[in-house]
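Novice: Starting off with a structure, shown below.
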Amino acid sequence: MRPTNTEVPKAQQAKSSPPYDFQFVLAPGYSMLSLVTALETLQNANLCAGRQIYSWSLYSVSNNPDSSLSDLQFPCSPLAKCIEPNDIVIVGGASVSCLSNKTLNVWLSRYARGDVRVTGLMTGSIVMAETGLINDVPVTLHWQYRDMFAEIYTDAELSSRPYLSAANRCSSSGGVSAIDLFLDFIQQTHGEKFSANVAESMNYVTIRQNHQIATAEASARQRIGNPHIRVALKIMEENLEHPVSPKEIARESGVSVRQVERLFSRYLGKSPSAYYMQLRLRRAYFLLTQSELSIADISLACGFNNLSHFSKCFRNEFGHSPKNALEERVSPR
């Protein structure tokens, strides 16, 4: 069972509390970047707390599987030795064909029940889908595998967000998004202030602020109760490459264009066009820093047919050009 949300007390006041343990299951060819960023986030939380509030253990179906950096490996225990998991993290990688494993599927079917949280990193969501763990819960994964996933798992709700951390089925899309996901886990347990301290200790404040804005906006559909605006938000989130007109959004939402404008002003404090533009630009920022696409391709993928217009809008939103954001890029593992 996961701990309740409390601010981390001083080390001398809580030395008796055992650390909360994550069980990482490493798939063949697992993403070293996803694993290391998750572990670094937990370790920095320990350092900020002044004691070990988190621990982790590594498991695999095979003995010490190769990572995305084949000459680097983490020693793992056999999966059969993990008999009472409480927080399972499946670390996938580029070797999608290796993710289908009967032993792992049977183990997950047995233990991923009740309050046990299951998280997929990089392509870990594919394992979750194979085992029937996602049901009506939206998932995300690395952008290179989205089309394949949507074609195979037609009933699954695929999100474009960098990470999802609601309920007991969570996921991240690879790259550094595991940092955001685990900072969110830390916040859920120990509060926003402590999570912010952990992010600061990792020198991750600036990019986290951008991701928090994207997360807050992309999750608005889950937070807002009005059915008309929920439909409008869903339409926007699902049509970033080919933006839908205000008239069409209003028609699909079952209200007038003017009513949509009033609803957005009331619930989000901005116009529909401004909100839609921010969604597209946040997606562009994510692709610029975490994919291998060119600026021109990203511009088109986010609904901008004119590169100079894209650059102008991007600069207005972030204060620097797409080229500057490209310098932050981390190659996918």
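Novice: May I ask you to verify whether residue 274 is among the hydrophobic types (A, V, I, L, M, F, W, C), exposed (fewer than 14 other Cβ atoms within 10 Å of the Cβ) and closer than 17 Å to residue 243 by Cα?
Specialist: When the stated conditions are applied, residue 274 passes them.
Novice: Could you check the range 278-287 and list, in sequence order, the residues that are modelled with pLDDT of 85 or more and either closer than 16 Å to residue 142 by Cα or not in a helix (DSSP H, G or I) (or both)?
Specialist: 283, 284, 285
Novice: Across the range 59-92, which residue is modelled with the highest pLDDT among those that are within 14 Å of residue 31 (Cα to Cα) and out of contact with any helix residue (DSSP H, G or I) (no Cβ under 8 Å at 6 or more places or on another chain)? Steps first, please.
Specialist: We begin by selecting, within the range 59-92, every residue within 14 Å of residue 31 (Cα to Cα); these are 60, 64-74, 89-92.
Filter once more, keeping what is out of contact with any helix residue (DSSP H, G or I) (no Cβ under 8 Å at 6 or more places or on another chain): 64-66, 70-71, 73.
Numbers: 64: 64, 65: 64, 66: 64, 70: 58, 71: 65, 73: 76.
This residue is 73.
Novice: Can you find a residue in the range 102-117 that is under 19 Å from the mean Cα position of the chain (by Cα) and at pLDDT 85 or above?
Specialist: Taking every residue of the range 102-117 in turn, at least one turns out to be under 19 Å from the mean Cα position of the chain (by Cα) and at pLDDT 85 or above.
Each row is one residue, and each column tells you yes or no for (1) in the same structural domain as residue 230 (by TED's automatic domain parsing); (2) assigned to a helix (DSSP H, G or I); (3) in contact (Cβ under 8 Å) with a residue 24 or more places away in the chain; (4) among the aromatic types (Phe, Trp, Tyr).
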position: 248; (1), (2), (3), (4): yes, yes, no, no
position: 251; (1), (2), (3), (4): yes, yes, no, no
position: 259; (1), (2), (3), (4): yes, yes, yes, no
position: 269; (1), (2), (3), (4): yes, no, no, no
position: 273; (1), (2), (3), (4): yes, yes, yes, no
position: 276; (1), (2), (3), (4): yes, yes, yes, yes
position: 289; (1), (2), (3), (4): yes, yes, yes, no
position: 304; (1), (2), (3), (4): yes, no, yes, yes
position: 309; (1), (2), (3), (4): yes, yes, no, no
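Novice: While we're looking at this one, here's another question. Would you mind stating whether residue 136 is without any contact (Cβ under 8 Å) to a residue 60 or more places away in the chain and over 14 Å from residue 27 (Cα atoms)?
Specialist: So residue 136 passes the test.
Novice: Could I ask something else about it? What are the residues in the range 257-291 that are of a type in the set (Ser, Thr, Tyr) and closer than 28 Å to residue 177 by Cα, if any?
Specialist: First pass over the range 257-291, keeping only residues of a type in the set (Ser, Thr, Tyr): 265, 267, 271, 273, 275-276, 285, 289, 291.
Across the range 257-291, the qualifying residues are 267, 273, 275, 276, 285, 289, 291.
Novice: When the residues of the range 74-128 are filtered to those that are free of Cβ contacts under 8 Å to residues at least 12 places away in the same chain and among the basic types (Lys, Arg), which remaining residue is nearest to residue 22 (Cα to Cα)?
Specialist: This residue is 113.
Novice: May I pose another question? Just to verify a result, which residue in the range 109-122, among those that are within 20 Å of residue 164 (Cα to Cα) and of a type outside the set (Gly, Ala, Ser), is surrounded by the fewest Cβ atoms within 10 Å (Cβ to Cβ)?
Specialist: Per the stated criteria, the residue is 115.
The values are calculated or read from the model by the stated rules, or taken from the named source; none is laboratory data. Predicted model only: the values in this text are computed from it and were never measured. Glycine also receives a Cβ, built like all others from the backbone with ideal geometry; neighbour counts cover every protein chain displayed.
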